[in-house]
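The values are calculated or read from the model by the stated rules, or taken from the named source; none is laboratory data. The structure presented is a predicted model; accordingly, all values stated were derived computationally and were not measured. Counting neighbours? That spans all protein chains shown, and the Cβs are built from the backbone with ideal geometry, glycine included.
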Amino acid sequence: MIIWLNGAFGVGKTSVALGLQNKISNSFVFNPEDIGACIRNSMPSEMYQDDYQDYDIWREFCYKQLKYIENSFNGTIIVPMTITNQLYIDKIIGKLFSDSIAVKHYILTADKSIILARLSTRGVTDTEWPALQIDRCLAAFGGSIKGTEISTNNKSLNEIINEIIEQSQVLL
């Protein structure tokens, strides 16, 4: 099974992913950002795009790598990754679904003020890239992007983790 954690930058995807990994035996955190960095580091700067998700090869590699791991690993794969483009979701999560791979797609939500406060604890100001993406993310997750929404407002990390474990019916 794949547990995909989507949501705005700063909503807590990575913290939740690491917490899930600590609670779910035989689990693995797959970070698609590592793939993006590898792709960008493996090409001339003239070929750079603003967002590595815009590279077809990134989407294809993430899909193929997740499919490979799912077919070869008897455990839970946890993916903390913001994707707001429905086409890109279709190219990764949609293809996994069509391959009969169980993907639980969660959208972690929070009020903008809470997300900004969480980002500030990391030293991110409201004029930096992650904070500037919040409105775009909230609009996408409030509209076209579908998944099981989990509000992280006024919840502890442990409460969020337990909710995902319960909804996913994953064995600890």
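Only residues that are within 14 Å of Val11 (Cβ to Cβ), part of a helix (DSSP H, G or I) and either polar (S, T, N, Q) or without any contact (Cβ under 8 Å) to a residue 24 or more places away in the chain (or both) were counted in the range 121-137, giving 2. For Asp56, the conditions (1) farther than 29 Å from Ser151 by Cβ; (2) crowded, with 22+ Cβ neighbours inside 10 Å all hold with the exception of (2).
Within the range 138-167, residues that are within 21 Å of Gly75 (Cβ to Cβ) have Cβ atoms under 9 Å from residues that are among the basic types (Lys, Arg) and part of a loop (DSSP other than H, G, I, E, B) in these pairs: Glu163/Lys155, counting only partners at least 6 apart in sequence or on another chain.
For Met1, the conditions (1) among the hydrophobic types (A, V, I, L, M, F, W, C); (2) at pLDDT 95 or above; (3) exposed (fewer than 15 other Cβ atoms within 10 Å of the Cβ) are fulfilled apart from (3). When the range 38-55 is filtered for residues that are part of a loop (DSSP other than H, G, I, E, B) and among the acidic types (Asp, Glu), the ones remaining, listed by number, are Asp50, Asp51. The residues of the range 56-77 that are among the aromatic types (Phe, Trp, Tyr) and either at pLDDT below 95 or in a helix (DSSP H, G or I) (or both), listed by number, are Trp58, Phe61, Tyr63, Tyr68.
If only residues of the range 154-170 that are loosely packed, with under 11 Cβ neighbours inside 10 Å and not in a helix (DSSP H, G or I) are counted, the one that is farthest from the chain's Cα centre (by Cα) is Asn154.
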